[in-house]
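Just below is one structure, and these are the notes that go with it.
The values are calculated or read from the model by the stated rules, or taken from the named source; none is laboratory data. For clarity, every value in this text was computed on a predicted model and none was experimentally measured. Positions of Cβ are generated from backbone atoms using ideal geometry, with glycine treated the same way; all protein chains shown enter the neighbour counts. Accessible surface is based on the protein model in full, side chains and every heavy atom, while ligands, DNA and RNA are left aside. Shrake-Rupley method; radii C 1.70, N 1.55, O 1.52, S 1.80 Å.
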Amino acid sequence: MADRSGPSSEGAFREHDPREAPRPAVAAPSDPAHDPPPIRVDHWFAGVAGMITFALMVLTTFDVIGRYVFNAPIFGAFEFTEIFMGAIVFFALAAATTGRDHIVVTLVYGLFPQGIRRALTVFADLVGAALMGLFCWRMWFYAERLYASRETTLELGITKGHVALGICILCGVAALTFLINAVWAAARGRNLIR
């Protein structure tokens, strides 16, 4: 039976000649778009976000049952929901940044030569680092203001400064990760967008 080994120079498939020496397997050139990121802590951040989501689901379920079946909602459930939602968003942000899982629109990205793609990736990472750094910086000042005013949540009395500081730290992790990815892409020539 004929082995169709691939197109010949004319474009038609040619039959494999068993007398030919087998060609050594040549590794495809590394596609920079699928190179692994330099840091892989995204699973940890995603795991924490997942655990918080599960806790939020359990809390909401029991709160609804308590509210509508026993006429006794869980005390502070609304505040826990607010804090958990914020934690989910910012842990997921850190997970997406460290895992390079942000949404990327690459309509014409593949048309550029490798050097321009690398430069675009470094630029995008630096813009991301600057934006996350700005958010981190502003959240730091907001946390300071909340600590100074000793503002707490109404029902549970949780210091709001703690929440703002946690958001500040996670934005700082995202900023640092964007910066590391930019340096990695510039030094290693890998664009890391997948």
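Computed values, structure above
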read-out: Sequence of Val122, Val163, Val183 from largest to smallest accessible area, 1.4 Å probe; value: Val183, Val163, Val122
read-out: Unit charges on C-beta of K, R, D, E only; dipole of the stretch 133-194, Debye; value: 340 debye
read-out: Cβ-derived FRET efficiency at R0 25 Å, Ile116 paired with Arg138, nearest 0.05; value: 0.15
read-out: The stretch 117-136 and the stretch 143-161: distance between their alpha carbon centers, rounded to Å; value: 32 Å
read-out: Portion, in percent, of the accessible area of the stretch 78-194 that falls on carbon or sulfur, probe 1.4 Å; value: 72 percent
read-out: Average accessible surface area per residue within the stretch 128-194, 1.4 Å rolling probe, Å²; value: 57 Å²
read-out: Charge context of Ala175, other residues only, Cβ under 14 angstrom, K/R +1, D/E -1; value: 0
read-out: Thr152 long-range amide H proximity, modeled H, under 5 Å; value: Lys160
read-out: Options Ala87, Ala148, Thr97, ranked by Cα towards positive dipole end of the stretch 58-194, top entry (Cβ charges); value: Thr97
